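Throughout, read-outs are computed from the coordinates displayed, never taken from laboratory work. This structure is a prediction, so every number in the text was calculated from the model and none was measured. FYI the Cβ positions are ideal-geometry reconstructions off the backbone, even for glycines, and counts take in every protein chain you see.
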Amino acid sequence: MAVVGGGPAGLAAAVTAARAGARTVVLERGQHPRYKTCGGGLIGISRGAAADLISVPSRQSVDAATFTLYGGREFTRRHAEPLLQMVVRDEFDDALRKAALDAGVTVREQALVRSVDTSGGGSGDTASARLVDGEVVTARVLIGADGSGGVTAKRVGAKFAQVDVGLEVELPVADPPEWAGRILIDWGRLPGSYGWVFPKGDRLTVGVIGDRASGPALKAYLAEFVTRLGLDGLEPLHDSGHLTRCRADDSPLGAGRILLAGDAAGLLEPWTREGISFALRSGILAGRAALTVDPVTAYTAAVSEGLAAEMAAGRQLLDVFRKRPALFHRALRTPIGWRAFASMCQGRLTFDRALRHAPARAALRLFT
Ligand SMILES: Cc1cc2nc3c(=O)[nH]c(=O)nc-3n(C[C@H](O)[C@H](O)[C@H](O)COP(=O)(O)OP(=O)(O)OC[C@H]3O[C@@H](n4cnc5c(N)ncnc54)[C@H](O)[C@@H]3O)c2cc1C
């Protein structure tokens, strides 16, 4: 098996397939540990999926959250047990790379894939990746896990229903006591946008995300957010942006002998744009499906059964959030709203399960 991309999706797929006995190679254009624009917030589902692969290199455990609406109406809630773990992606992804090596995977770094192809979907068929130097790597199954905007999604013909841009600065603030174990979430004025402060020990990750069409306004939102927090004037360790794409319902998850996982497939939660849990889980599902007689059918069924329902619920929430961010802010102030938020962070509740409750469905219908 060949995997294009050595992020959480690709490495989870590789470990899964290799542990099941498949000879597996990962082709990664960068070199770990490498920087990746990401908040690095791990919800319980991510931690659960990662636990089968690595010991999570957590920088900070979070048990409190401060919420603001357009910078005002601030309140803080604390939970008796940890809600989130904060990781630095250089360290998290490198731990996955080491797990892949331990499982017997060949991890080829600085291996930039220019294009991929597939001969068909039959058991005798193959898929191939052409590297920038012309070398061709052929495999029984190829997993495309090259992130948002990669070459594998184009070859498969993935369709995206939502494109957002996330902007982040990593600010060097060593163990600030006011951020110990606490995150901040600010619901933004731009429709569907929000900002965050995630503490990582030696740094704070401050970011905003919203519709790609709001580009320049999002940049202004981040600048204003940093200033409001009194963090302007610090030279960022990193200052970067990245697109996130959510798949359309009918977007293919594979073609011939190619499967798409993680961001490459557009698998991420539409409201929060949380993607690590989707990358790990879809990577594991793709790694398993790669060993079956008909990988695309097996993988499509597995994703539809689990991840698709969570994404559909996230889309419904985003629709309401775009129009009524104040409603979400008020809901989180209530004991029931905070309990639901905490359960989701801890992985005990998913959006689709939350929306199965009649009162939640009725509330959503009222505001859609
Ligand atoms: C600003 C921002 C903040 C975020 N914060 C969070 C968060 O706090 N929590 C969360 O759960 N999610 C978050 N996400 C989403 C999360 O980062 C992604 O969903 C996740 O990284 C997807 O993992 P992946 O393995 O699919 O792709 P990636 O992590 O993008 O990995 C893809 C890999 O493929 C490699 N690659 C690309 N092209 C090629 C090529 N042609 N040849 C070889 N290799 C290639 C890349 O170098 C990379 O290593 C955030 C996203 C953004 C933009």
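Computed from backbone phi with θ = phi - 60° and the Karplus coefficients 6.51, -1.76 and 1.60, the 3J(HN,Hα) list for the stretch 133-145 is 8, x, 4, 10, 9, 10, 8, 5, 9, 10, 9, x, 9 Hz; x is used for glycine and proline. Averaging 1/r over every pair of different alpha carbons in the chain and inverting the result gives a Kirkwood radius of 20.9 Å.
Here r is the Cβ-Cβ distance between Arg108 and His238 and R0 is 22 Å; the resulting FRET efficiency, rounded to 0.05, is 0.30. Between Leu291 and Ala309, the simple spin-label model (points 7 angstrom out along Cα→Cβ) gives 2.6 nm.
Look at the alpha carbon pairs under 8 Å that are at least 6 residues apart: their mean separation over the length of the chain gives a relative contact order of 22 percent.
The count of lysine pairs in the chain with alpha-carbon distances below 27 Å, taking only pairs 8 or more places apart or on different chains, stands at 10. In whole angstrom, the stretch 156-312 maps to an equivalent ellipsoid with semi-axes of 35, 17, 12, each derived as √(5λ) from the alpha carbon gyration tensor and ordered largest first. Computed per residue of the chain from DSSP H runs no shorter than four, each worth -39500 (n - 2.57), the mean residue ellipticity at 222 nm is -11000 deg cm²/dmol.
Can you tell which of Arg97, Arg47, Arg108 shows the greatest fluctuation in a Gaussian network model of the chain with Cα springs below 10 Å? Result: Arg108 has the largest fluctuation of those listed. The modelled label-to-label distance between Asp250 and Thr76, using points 7 Å beyond Cα along the C-beta direction, is 5.0 nm. DSSP finds beta bridges in the chain, and of those with both partners inside it, around 75 percent are antiparallel.
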